[in-house]
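Encoded as structure tokens, the structure appears first; notes follow it.
The values are calculated or read from the model by the stated rules, or taken from the named source; none is laboratory data. Just so it is clear, the structure is predicted and the values come from calculations on it, not from any experiment. Counting neighbours? That spans all protein chains shown, and the Cβs are built from the backbone with ideal geometry, glycine included. Accessible surface areas use protein heavy atoms only, side chains included; no ligands, DNA or RNA. Shrake-Rupley method; radii C 1.70, N 1.55, O 1.52, S 1.80 Å.
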Amino acid sequence: MTSSTLPTAPERLAALRAASAAQDAATRADLEALVRVPSVSARAFDQRHVEAGAEAVAALLRSAGLEEVEVCRAGEGAGRSAPAVIARRPAPAGRPTVLLYAHHDVQPPGREEDWASPPFEPTERDGRLYGRGTADDKAGVLAHVHALRTLLPLWGPGDGVGVTVFVEGEEEVGSPAFATFLEAYRERLAADVIVVADSGNWRVGVPAITTTLRGLVDCEVRVDVLGHAVHSGVNGGPVLDALLSMSRLLATLHDEAGDVAVEGLRHAQAPAVDLPEATYRADAGVLEGVRLAGTGSVADRLWAKPAISVIGLDATPVDAASNTLVPSARAKVSMRTAPGQDPAAAMTALRRHLLANAPFGARVTVTEGESGQSFSADTASPAHDVARAAFGEAYGAPAVEMGMGGSIPFIADLAAVYPAASILVTGVEDPDSRAHGADESLHLADFARACLGEVLLLEGLAGVPAAVTGAPSRS
């Protein structure tokens, strides 16, 4: 840690560590209370809980010492956004403004029997806190609250940075109204540095800053071969049923090595960090004997190359099967695109491939779904220097710059609206957090380190003049 990256005297650093540690118990208690709010944003669930989540976040931000706190919406009718929270502290003269992002909505819990403890009752086991949203992303919300509770009592009116907290309520359904919200609140959300606390760390005890994210396109594919179901014995043979035809079609999406076989897709350059195969297999829970698909390094395959998955398939349940040829089948195909890939071009390539590979003349219909931009950070900005130093100090281990195979499409929207801002993608998850799955959890000791890291980040950014904090405009 050097004075150019984190201008903090040893006495000040010790005081910040002590002040942060003093908040840990309250932060955990507030996280548990927020997890108990079942704020699932999927429309099949009661949206009153999302409203309650927003109000709870607003109360937490007021308790942190922010006076300007508001629950906001944008848009009208079916396009109206879910409730988001905006809270602000004006920047002292000459100091940068930092936008702190997180989201208070969560994924559906899935089958409760898959959980070892109730999904909305936070439960500690072996140093981890289990529950839906403990890691994704209510811990991100509380990291922001923790940092402000720690710093605001220590900052005078002319100290620190300007802070705008933006906690949205529909990230888990793809942030459909994000662009509308940005348009409505563009001036209030403007910042020199944007901290998106919605990613992960390299592993327990080792922090990371996410520098690349893949994009996303998906579609529904329908295959029709018969006008109606017919007897599989009387009619079977000359025509392949729709499930077999769908299987043959989906199998064309990868070549014999397991690489994506759709022509016209971009490959990018992965961050220069080694990801051993054994580490990936353990983190992903790959069964013994299952060979990894694709070519190139694991990091390239995971972060820099496209990936295609079949995430849904309509088929007759085995227990309800009859001796009939299935006339039609439907699948949902999800493709993660390499950083720098245009989503529209990727969707065009995927559609073209599916239509061109219809087996035995089966009728194939492709219906486009969601799409999202990829992201590549400018890691040379002064804000990134401060972030590396802050989280390295907090964890006692150098921060890793890593890619992420997943997608956070709204980051591209932020980059487009605020092209001069430095965007830092941080987070609280580790490879065993199981975000979106059963038994989602948060490593509590790492969470305390992440909270301290954000304290040191905000303190460090105060020493970087606003005029040079932002990264150069992106083309």
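Say the dipole of region 139-269 comes from +1 at the beta carbon of Lys and Arg and -1 at that of Asp and Glu; which of Cys219, Gly233, Leu189 then lies farthest toward its positive end?
Farthest towards the positive end: Leu189.
From the Cα gyration tensor of region 72-189, with a ≥ b ≥ c the square roots of its eigenvalues, which class applies: rounded if a/c is under 1.5, or else prolate if a/b is larger than b/c, or else oblate?
oblate
Select from region 239-318 those GluC sites (Glu not before Pro) which occupy a DSSP coil region and have at most 12 other Cβ atoms within 10 Å, ordered by residue number.
Glu256, Glu263, Glu288
Where the only charges are on Cβ atoms (+1 Lys, Arg; -1 Asp, Glu), what is the dipole of the chain about its Cα centre, to the nearest 20 debye?
Computed charge dipole of the chain: roughly 600 debye.
In percent, what relative contact order does the chain have, based on Cα pairs under 8 Å that are 6 or more apart in sequence?
Relative contact order, the chain: 25 percent.
So what's the angle, to the nearest 10 degrees on a 0 to 90 scale, between helix 343-356 and the longest Cα principal axis of the chain?
10
From the phi of every residue in region 150-165, what ³J(HN,Hα) in whole Hz does the Karplus formula 6.51 cos²θ - 1.76 cosθ + 1.60 yield, where θ is phi - 60° and glycine or proline is x?
So the Karplus estimates, Gly and Pro as x, are 6, 8, 4, x, 8, 9, x, x, x, 9, x, 10, x, 10, 10, 9 Hz.
Relative to the longest principal axis of the chain, what angle (0 to 90°, nearest 10) does the C-alpha long axis of helix 444-461 take?
Taking the Cα atoms of the chain, the angle to 444-461 is about 60 degrees.
Shape of region 282-404 from its Cα gyration tensor (a ≥ b ≥ c, root eigenvalues): rounded if a/c is under 1.5, otherwise prolate when a/b > b/c, or oblate?
Since a/c reaches 1.5 and a/b is larger than b/c, the shape of region 282-404 is classed as prolate.
For region 357-475, calculate the relative contact order in percent as a whole number, restricting contacts to Cα pairs under 8 Å that are 6 or more residues apart.
37
Suppose every K and R has +1 on its Cβ and every D and E has -1 on its Cβ; what is the size of the dipole of region 192-290 about the Cα centre, in Debye to the nearest 20?
Charge dipole of region 192-290: 100 debye, to the nearest 20.
Provide the per-residue ³J(HN,Hα) series for region 293-308, in order, calculated from phi with Karplus coefficients 6.51, -1.76, 1.60 and θ = phi - 60°, each as a whole number of Hz, with x at glycine and proline positions.
8, x, 10, x, 5, 4, 4, 4, 5, 8, 10, 10, 10, x, 9, 10
Just to confirm, what accessible area per residue do you get for the chain at 1.4 Å probe, in whole Å²?
42
Can you give the extra length, in nm with one decimal, that the chain gains between Ala397 and Val230 once fully stretched, where that is 0.36 nm per residue apart less the Cα-Cα distance?
53.7 nm
Any idea what angle helix 242-251 forms with the longest principal axis of the chain, computed on alpha-carbon atoms, 0 to 90 degrees, nearest 10?
50
What part of the accessible area of region 236-291, given as a whole %, is carbon or sulfur when the probe is 1.4 angstrom?
In region 236-291, the share of accessible area belonging to carbon and sulfur is 50 percent.
Per residue of region 177-182, in order, report the coupling 6.51 cos²θ - 1.76 cosθ + 1.60 (Karplus, θ = phi - 60°) as ³J(HN,Hα) in whole Hz, putting x for Gly and Pro.
9, 4, 4, 5, 5, 4
Rounded if a/c is under 1.5, else prolate if a/b beats b/c, else oblate: with a ≥ b ≥ c from the C-alpha gyration tensor eigenvalues square-rooted, which is region 390-431?
oblate
Counting Lys and Arg as +1 and Asp and Glu as -1, each charge on the Cβ, what is the dipole of region 12-94 about the Cα centre in debye, to the nearest 20?
Dipole size: approximately 240 debye.
Express the carbon and sulfur contribution to the solvent-accessible surface of region 332-475 as a percent, rounded to the nearest whole number, probe 1.4 angstrom.
52
Putting +1 on Lys and Arg Cβ atoms and -1 on Asp and Glu Cβ atoms, find which of Val286, Val69, His436 reaches farthest to the positive end of the dipole of the chain.
Most positive-ward Cα: Val69.
Give me the net charge for the shell around Glu220: Cβ to Cβ below 9 angstrom, other residues only, Lys and Arg +1, Asp and Glu -1.
+1
What number, rounded to the nearest 500 deg cm²/dmol, is the helix-based mean residue ellipticity at 222 nm of the chain, given -39500 (n - 2.57) per DSSP H run of at least four residues and division by all its residues?
-9500 deg cm²/dmol
Compare the Cα positions of Pro359, Pro118, Tyr101 along the charge dipole of the chain (+1 at Cβ of Lys, Arg; -1 at Cβ of Asp, Glu; about the Cα centre) and return the one farthest towards the positive end.
Going by the Cα projections, it comes out as Pro359.
All other residues with a Cβ under 10 Å from the Cβ of Ala338 taken together, and with Lys, Arg as +1 and Asp, Glu as -1, what is their net charge?
Around Ala338, the charge tally is +3.
Give me the percent of accessible area attributable to carbon and sulfur for region 101-184, probe 1.4 angstrom.
Result for region 101-184: 48 percent of the exposed heavy-atom area is carbon or sulfur.
Would you give the gap between the C-alpha center of region 387-429 and the C-alpha center of region 194-270, rounded to a whole Å?
Using only Cα atoms to place each centre, the spacing works out to 27 Å.
Out of all DSSP beta bridges in the chain, what portion is antiparallel? Express it as a percent rounded to 5.
Just about 65 percent of them are antiparallel.
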